Structure formats: structure tokens, C-alpha cells
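The values are calculated or read from the model by the stated rules, or taken from the named source; none is laboratory data. In this text, all values refer to a predicted model and were calculated from it rather than measured experimentally. Note that each Cβ is placed from the backbone with ideal geometry, even for glycine, and that neighbours are counted across all protein chains shown.
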Amino acid sequence: MLNIINIWDIDRIGINIIAATGLMFAIGLKDDLVVSTPKAKIGGEVLAILFIVFCNCLQVNSLHGFLGIYGIPTWLSIGLIILMILTVVNSYNLIDGIDGLASVIGMSIFAVYGFIFFQAGLNFYFLVCLCLIGILLAYLRYNLSSTKKIFMGDTGSLVIGFCIGFLSLKFLAMDVSLLSNLNFKGENKIIIVGAIFFIPLFDTLRVIGVRLMDKKSPFFPDNNHIHHILIDSGLSHFAASLILCFLNLIIAGTLILLATNFNSFEMILIMLLYFSFFLILFNRLKNNIGKKIEYKSLIGVIQSLF
């Protein structure tokens, strides 16, 4: 893929992407074959991130007024970049729990970034987004198949998650003047990244919160993800995936539009309102499911008496 679109790679970042995604692929493959410890997995992911973090075209030296902050030290910038990409990679990995979800969410994210890069005239990154959408679309056919099913696994989700993190970093590193066609304020770039990646980020924070409240490890697997709640509500895998994809696009679109008029403080408040609304919504759905199960169990006990 990168060899074909290499002529548009004016930043000469292609070789770094190949090295980083290759390492991510190896980490995911090992985890699929022999489960890795969280520390070993995160250590390998940090090493892969270091392949791109020092590239000149991906340097984030200013927050453009986000919360009143402009210039930031290089060491702090590198630390925040590593933390951001780790969050993106592992949040995307966590949503790969039902057929179709990871692929449709990935396509929605690449579609938004593709639009932004197209508007900015960054053809290489626009084509990367198109290629990734094509890859996920081809994969989706088999992921939803009942006879020729394939799964993404950690091998796929870590690579796709890294690509999302890489494109998010490029968006943050872009010159604000390139975004003049979109009219949003430069201080809102971090909020927009969060909006584009809203559903995986929300799901991860919610699940970690639930696990900590239950006094369990954040890495402890369970069925508390929002896609599990939708499945338990009676939706099919594909229907639940489409709903979450649609929500992700709606949130990304509305927050990008609002970013043209509101400052970063106001945008954070709006983001928190979104988080609160969906937290209440999914908690109520989960509680209703629990009540239905209890009701059915009670009916079963009564019927067994007769």
C-alpha cells in the first residue's frame, strides 16, 4: 500500500510507519498465539511508537491556546504523545468484542480524518485513510460471514489502532493554517481528536471505572462493554455495530462544527455533557436488562412449582 502511494509522501514518513506497524503486528501475533502480560505488551507498543514520535513532521510543540496553554517542552510533548497513542491503540483493541464493530468504527474514524486531510491538501494522509477504509471494508465481508468467518484479533486491532493513533498525531502536528477551510479554532484540536475517537474512548473509560468500582484489575476481562449491553438488549452484532458507528460519526460531526464557535473550556464542558449523557443511558440500559433477567428467573421459579 505505502509503496503505491509513496510518490505523495513528501514527509518521508513511510519507512517509519512500516517499521512501527511491523512491530505492532508482531506484538499482536504473539498475544494471539501466547497471551502476553500487560507490561510486556505495553512495553512493545511504546517501542513501536518511538519509531514515529521523533519525526519532524509529527512534532507537537504548541497546544495553540488549549486551556490557555501554548508552547510546551519537548519532553512533555513526547510523553503526552506516547500516552495518547497508547490510549488509542488499547481502547480500539478493547472494542473488538463483537463481529463488525472494530471495522465499522475504524472506517468511520478514517473517513473523518480522510475528509480533514483532503481539505488540508495532505494527499498522502488522505490516501492512507482511503486504503485503510478499503482494507476494513474487505475484512468486514468475512468478519460478518457465517461460512468464511475471520477475526481481527490483537494482530489486526493493534495495527489498525496504531494507524488511528498515528493519524491523530499528524492531525495535532498540522499547521493551523492548513485547517482554514474547516474554520475551527486551533485550540480545539485535542477535543476534536477525542470526538473522532469518542465511542472507543468512552467505552474504555467506562469499563475501567466499573472494574475499579468492583475492586477488579482494569485489565480484567468482562461483559461490561457498551456493545455487550446492546447485544443483551436484543440487537444483532451488525445492528449494534452500526448504531455505535452512527453515534461516533454524529458526535464527531457535531463537535467539529461546535469547535468553530466555542473555546477549549466550553468544548470540554460539551464533551463532559456527552460523556454524562451516554453514561446514564448505558447504565439504565444495563439495569433494565438486569431487571428483565430477574423477572424471567422469577417466572421460571413460579412455573417450576406447578
Checklist outcome for this item: Of (1) at pLDDT below 85; (2) touching a strand residue (DSSP E or B) at 6+ places or on another chain (Cβ under 7 Å), Tyr70 satisfies every one except (1)
Checklist outcome for this item: Those residues of the stretch 1-32 that are among the hydrophobic types (A, V, I, L, M, F, W, C) and buried (at least 17 other Cβ atoms within 10 Å of the Cβ) come to a total of 8
Next on the checklist: Tell me yes or no: at least one residue of the stretch 183-192 is outside any helix (DSSP H, G or I), touching a residue at least 40 places away in the same chain (Cβ under 8 Å) and either out of contact with any helix residue (DSSP H, G or I) (no Cβ under 7 Å at 6 or more places or on another chain) or among the polar types (S, T, N, Q) (or both).
Outcome noted: yes
Item to check | In the stretch 57-74, the residues that are assigned to a helix (DSSP H, G or I) and either over 26 Å from Lys189 (Cα atoms) or more than 20 Å from the chain's Cα centre (by Cα) (or both) | outcome: Cys57, Thr74
Checklist entry - Quick one: which of Ile13, Ile17, Ile42, Ile27 is under 17 Å from Gly165 (Cβ atoms), in contact (Cβ under 8 Å) with a residue 12 or more places away in the chain and either acidic (Asp, Glu) or out of contact with any Leu (no Cβ under 7 Å at 6 or more places or on another chain) (or both)? => result Ile13
Item to check | Complete set of residues in the stretch 33-56 that are surrounded by 16 or more Cβ atoms within 10 Å (Cβ to Cβ), assigned to a helix (DSSP H, G or I) and not aliphatic (A, V, I, L, M) | outcome: Lys41, Gly44, Glu45, Phe51
